[in-house]
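Inspection log for the structure reproduced underneath, given as structure tokens.
The values are calculated or read from the model by the stated rules, or taken from the named source; none is laboratory data. Please read these numbers as outputs of a predicted model, since none were measured by experiment. In this analysis, Cβ positions are derived from the backbone assuming ideal geometry, glycine residues included, and neighbour counts consider all displayed protein chains. The protein model used for the area step is the full one, side chains on, heavy atoms only, and it has no ligands, DNA or RNA in it. Shrake-Rupley method; radii C 1.70, N 1.55, O 1.52, S 1.80 Å.
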Amino acid sequence: MNLHGFSALIIQAHGKAIGLDADLLLPDKVWYQRACQSVGVTFRNSSEFGEVMRVAKSGPSDDQLVLERLLEMNNPIALRFERLIRDESRLDFDDLLRHGRRILQVEAVREIYRGHFEVVLVDEVQDLSWDQYQLVKAISSGRASYAGDPAQGIYAFAGAEPDRIFQDIRSTAAQVTELNECHRSSPAVIRAINVVARRMGSTELECASPERFPGGGLVATVRSQDPDDESVIIVNNARRLLEQDPSLSIGIIVRRGTRLDSVRRRLDEAGVIYEDWTAPTHVAAVVELMVRNVTEAEGSSLDQSAQIQELQTLCLRSLEDWDIDLTGEVIAACEAMTEQVRRGLTLRQAVQTCKRAGDIDAPVSPGVHLLNAHVGKGQEFDWVLVMGMEEGLVPDFRATEATAQEEELRTLHVMLTRAKFGLAITAANMQFTQYGSRPVKLSPWWEEVAASATESWT
């Protein structure tokens, strides 16, 4: 499981060991987003708010220490949020980690888990916060193996500290194995990836099996006048690739989700079926639960709203209480169902618009997939089209400090490394904003990556 889920489990099982109320409510992402909005968290202040809350709730801190830190930092929004969740007897995601660490300081509890787990395997270690890392150390007693890539660390905004954690692992590990063979990507794609790796001072990759890629793969560039023009080129080429080979998977990846709006319209106009990974109804495990329970939910009432509420109840009943991620996905998906029903669909029709994965453990099916960099992390596609390599998008306009720029470069690295055979990068001369269209410059990394291209698409 992930470490928030693990923390939720031990809070439920052993919270009394540190005096926690058994009636405390666990967080889910829909509730968290609404709570943030209700106290005044916006797009512009969300980063500062998140950092204040993480600092206040870092380490195995009790409630009094958290409040003292918040008062000292004097962030009114953070204080309102903390008072809100305490009034509602709720925990937020940072509370899970701090209370998990507090509980594992109790020797009797810690020894239960050290005795239970023979070894602990941690994947994507570059995404861990320091508190998550300390949870692992508490239960593993030195019997842990870590796998990760500093070049893929793109969650600093959520508290990840890859540099600090890799340094600690290297100082204590009995063995360190460096990996540089890529078993995913073609030689052409790897050449583009290595451009970014060199700029980061990261490990350059070698293709493990070049014979798997006839012709060595392909990297294309796409220059367009504006996002509408760009979407025409992208959709036409996606259709061309699928006509040549319907079994292909094509990932269209953006740094910011709004860049996909034009692509969605063009795909709809062209009648191209696609999977939108940014939609809450995309999660395969959630869709399976909804399909399984929709008949019973329909029979529970003639009122559509009541049917959706019953569907949510039935789906949640199948989950463990500590599975907060899937719980949040179910709630978000049922909210999306509510919107579909408002547009005139029945509940069954709304469920049928969701993704239906034949194999939950193999979510990438043939066809077109729309996603952003963070959703796509860990996935792979035959073709990847990275859109919007312009200043303000890649890197994001909010990345003004050197550390933020470095994370933006790692985000680009993540997007490029999703590709198996072919890769395309796009850039427009104009961007659409709420104030109208405006000219933009190329990403500072465009020229270097584009120099590895084997062809240009128009």
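Can you tell me how many residues within the stretch 266-296 are part of a loop (DSSP other than H, G, I, E, B) and either of a type in the set (D, E, K, R) or under 18 Å from the mean Cα position of the chain (by Cα) (or both)?
4
Filter the stretch 134-165 for residues that are among the aromatic types (Phe, Trp, Tyr) and under 19 Å from the mean Cα position of the chain (by Cα) and give the result.
155, 157
Looking only at the stretch 7-32, filter to residues that are open to solvent by 80 Å² or more (accessible area, probe 1.4 Å) and within 20 Å of residue 111 (Cβ to Cβ); which one of those is farthest from the chain's Cα centre (by Cα)?
16
Look through the stretch 182-228, keep the residues that are farther than 15 Å from residue 451 by Cα and among the hydrophobic types (A, V, I, L, M, F, W, C), and return whichever of them is farthest from the chain's Cα centre (by Cα). Talk me through it step by step, then tell me what you get.
Start the filter on the stretch 182-228 by keeping residues that are farther than 15 Å from residue 451 by Cα, which leaves 182-186, 200-217, 224-228.
Now narrow it down to the ones that are among the hydrophobic types (A, V, I, L, M, F, W, C): 182, 200, 205, 207-208, 213.
Values: 182: 22, 200: 22, 205: 24, 207: 27, 208: 27, 213: 29 Å.
Ranking the candidates gives 213 first.
May I ask you to list the residues in the stretch 311-325 that are surrounded by fewer than 20 Cβ atoms within 10 Å (Cβ to Cβ) and in a helix (DSSP H, G or I)?
313, 314, 316, 317, 325
Say whether the condition of being touching a residue at least 40 places away in the same chain (Cβ under 8 Å), in contact with a Phe, Trp or Tyr (Cβ under 6 Å, 6 or more places away or on another chain) and part of a helix (DSSP H, G or I) is met by at least one residue in the stretch 39-60.
Within the stretch 39-60, the subset touching a residue at least 40 places away in the same chain (Cβ under 8 Å) is 39-41, 47, 50, 53-54, 57-60.
Then drop every residue that is not in contact with a Phe, Trp or Tyr (Cβ under 6 Å, 6 or more places away or on another chain), which leaves 39, 41.
Those still in the list that are part of a helix (DSSP H, G or I) too: 39.
Scanning the stretch 39-60, I find at least one residue that is touching a residue at least 40 places away in the same chain (Cβ under 8 Å), in contact with a Phe, Trp or Tyr (Cβ under 6 Å, 6 or more places away or on another chain) and part of a helix (DSSP H, G or I), so the answer is yes.
What are the pairs, 6+ residues apart or on separate chains, where a residue within the stretch 169-180 that is touching a residue at least 24 places away in the same chain (Cβ under 8 Å) has its Cβ under 7 Å from a residue that is open to solvent by 100 Å² or more (accessible area, probe 1.4 Å)?
What qualifies is 180/206.
Here are some residues: 189, 283. Which one is modelled with pLDDT of 90 or more and under 30 Å from residue 399 (Cβ atoms)?
Details: 283 fails: modelled with pLDDT of 90 or more.
Step by step, each of 189, 283 is checked, and only 189 is modelled with pLDDT of 90 or more and under 30 Å from residue 399 (Cβ atoms).
Could you say whether any residue in the stretch 241-257 is surrounded by fewer than 22 Cβ atoms within 10 Å (Cβ to Cβ) and closer than 21 Å to residue 438 by Cβ?
yes
Please pick out the residue among 86, 69 that is open to solvent by 60 Å² or more (accessible area, probe 1.4 Å) and more than 17 Å from residue 19 (Cα to Cα). Don't jump to the end; show me each part of the working.
On the way: 86 fails: more than 17 Å from residue 19 (Cα to Cα).
Going through 86, 69 in turn, the sole match is 69.
Among what's in the stretch 222-265 and is out of contact with any Phe, Trp or Tyr (no Cβ under 7 Å at 6 or more places or on another chain) and assigned to a strand (DSSP E or B), pick the residue that is farthest from residue 420 (Cα to Cα).
Ranking the candidates gives 224 first.
Within the stretch 248-262, can one find any residue that is of a type in the set (Asp, Glu) and under 24 Å from the mean Cα position of the chain (by Cα)? Even if it seems obvious, please write down each step before you answer.
Going through the stretch 248-262, the residues of a type in the set (Asp, Glu) turn out to be 261.
Still in the list and also under 24 Å from the mean Cα position of the chain (by Cα): 261.
Yes; the residues of the stretch 248-262 include at least one that is of a type in the set (Asp, Glu) and under 24 Å from the mean Cα position of the chain (by Cα).
For the stretch 95-126, which positions are in a helix (DSSP H, G or I) and open to solvent by less than 40 Å² (accessible area, probe 1.4 Å)?
Step one: of the stretch 95-126, the residues in a helix (DSSP H, G or I) are 95-104, 107-116, 125-126.
Residues satisfying the conditions are 95, 96, 97, 98, 99, 100, 103, 104, 109, 113, 125, 126.
Can you find a residue in the stretch 416-431 that is within 20 Å of the chain's Cα centre (by Cα) and part of a helix (DSSP H, G or I)?
Yes, the conditions are met somewhere in the stretch 416-431.
Residue 35 fails exactly one of the following numbered conditions: (1) of a type outside the set (Lys, Arg); (2) assigned to a helix (DSSP H, G or I); (3) open to solvent by less than 30 Å² (accessible area, probe 1.4 Å); (4) out of contact with any strand residue (DSSP E or B) (no Cβ under 9 Å at 6 or more places or on another chain). What is the number of that condition?
Exception for residue 35: condition (4).
If I filter the stretch 158-168 down to residues being touching a residue at least 40 places away in the same chain (Cβ under 8 Å) and more than 25 Å from residue 195 (Cα to Cα), which single residue comes out as most open to solvent (accessible area, probe 1.4 Å)? Talk me through it step by step, then tell me what you get.
Step one: list which residues in the stretch 158-168 are touching a residue at least 40 places away in the same chain (Cβ under 8 Å), which gives 158-159, 165-166.
After this cut, where a residue has to be more than 25 Å from residue 195 (Cα to Cα) as well, the list is 158-159, 165.
Numbers: 158: 55, 159: 14, 165: 1 Å².
Selected residue: 158.
For the stretch 383-404, what are the residues that are surrounded by fewer than 18 Cβ atoms within 10 Å (Cβ to Cβ) and at pLDDT 90 or above?
Answer for the stretch 383-404, where residues must be surrounded by fewer than 18 Cβ atoms within 10 Å (Cβ to Cβ) and at pLDDT 90 or above: just 391.
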